[in-house]
Amino acid sequence: MKTNIKRDIIKLKKEKNAVILAHYYQPQEVQKIADYVGDSYYLSKIGLDCEENNIVFCGVKFMAESAKILAPNKRVFIPNKEAVCSMVNFAAKEEVLREKEKHPNAKVVSYINSLTELKTISEACCTSSSAVDIIKNIDADKILFVPDKNLGSYVSEQITDKKIILWNGHCYVHNQIKAQDIINMKEKHGQDIKVAVHPECTKEVRDLADFIGSTGQIIEYITCDNSEKFLIVTEQGINYELKKRNPNKKFYYLDMVCKSMKKTSLQDIYYCLKNETNEIIIDDEIRELAYNALHNMHILSEKCKNASVN
């Protein structure tokens, strides 16, 4: 690794008029050098609104693709092209169309962790932080939710006046956790430990949670809570931001590591900026169709926020 790689990245970033975005699950050194760190929804808004012409998206491929779909006039790069989310492969466009034929009145809502082609047939996309708000605001009594069955199950628990048709997909990192894992940690660290769970976990795990939310929501919950110790049931990369905001609190984790999220290195970012490699290119026709779903994600989410304020 270059001795002054951090300095060189900062220099190149300025020369290239680039912004570095990083998800909370990225390695600590990547989060440290990023201009913005957040969950999928927050980063999608930053990519849309930022002034820079070039976006270096430190995450997995669907995130960088979503940034390109929302901001077609900007160049979007992913530092490591091998960083892909396994969940996206659970639902292909043709499969979902066949299922929709069985439910002609249902509207498709796709988790942002999905293929670009799937977004082209979706009424809206959602993130884990916006899923409930978005589905509440869609004018349909039936929702075909793809691809994450656990997030879809969580949404169905919050919205009882709509039928949520689930797909058999999942995040391998969150889906592997069992209720017994939580029980064991509480026995080890005390029954008073607060349990914060991502909605990509199974119902048996969610039922043991003191709080359920996206990475960003978990961070906000813990920062506002007066408790001293927490069990964090999501990918361990969140620890960097949690410790930065809450240096005096104790955090405990299960064995939850996303291998793809950990692929990005400072070297990857440096070479991506220097050589302008791994640019995200999407066919214009596909991008325009997928744009509607991502655009609706922001519109419907803001609609719910405005309604709560008024």
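The values are calculated or read from the model by the stated rules, or taken from the named source; none is laboratory data. What you are looking at is a predicted structure, and each value in this text was computed from that prediction instead of being measured. FYI the Cβ positions are ideal-geometry reconstructions off the backbone, even for glycines, and counts take in every protein chain you see.
Remarks
- Hey, Asp141 over 15 Å from the mean Cα position of the chain (by Cα), closer than 21 Å to Leu43 by Cα and acidic (Asp, Glu) or not: no
Okay, residues lined up against (1) farther than 14 Å from Leu242 by Cα; (2) in contact (Cβ under 8 Å) with a residue 24 or more places away in the chain; (3) assigned to a helix (DSSP H, G or I); (4) not hydrophobic (A, V, I, L, M, F, W, C):
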site	(1), (2), (3), (4)
Asp192	yes, yes, no, yes
Leu208	yes, yes, no, no
Gln217	no, yes, yes, yes
Thr223	no, no, yes, yes
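- Residue that is surrounded by the most Cβ atoms within 10 Å (Cβ to Cβ) [pool: residues in the stretch 291-310 that are over 30 Å from Ile9 (Cβ atoms) and modelled with pLDDT of 90 or more]: Met297
- Residue list for the stretch 238-282, filter: among the hydrophobic types (A, V, I, L, M, F, W, C), crowded, with 17+ Cβ neighbours inside 10 Å, in contact (Cβ under 8 Å) with a residue 60 or more places away in the chain and more than 19 Å from Val76 (Cα to Cα): Ile238, Leu254, Met256, Cys258
- Ile9 being β-branched (Val, Ile, Thr) and either closer than 22 Å to Val84 by Cβ or assigned by TED's automatic domain parsing to the domain that holds Ile218 (or both): no
- Within the stretch 225-237, the residues that satisfy the criterion of being surrounded by fewer than 18 Cβ atoms within 10 Å (Cβ to Cβ) and assigned to a loop (DSSP other than H, G, I, E, B) are Asp225, Asn226, Ser227, Glu228.
The rows are residues; the columns are (1) at pLDDT 95 or above; (2) charged (D, E, K, R); (3) in contact with a strand residue (DSSP E or B) (Cβ under 6 Å, 6 or more places away or on another chain).
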{"position": "Val197", "(1), (2), (3)": "yes, no, yes"}
{"position": "Ile219", "(1), (2), (3)": "yes, no, no"}
{"position": "Ile232", "(1), (2), (3)": "yes, no, yes"}
{"position": "Glu235", "(1), (2), (3)": "yes, yes, no"}
{"position": "Lys244", "(1), (2), (3)": "yes, yes, no"}
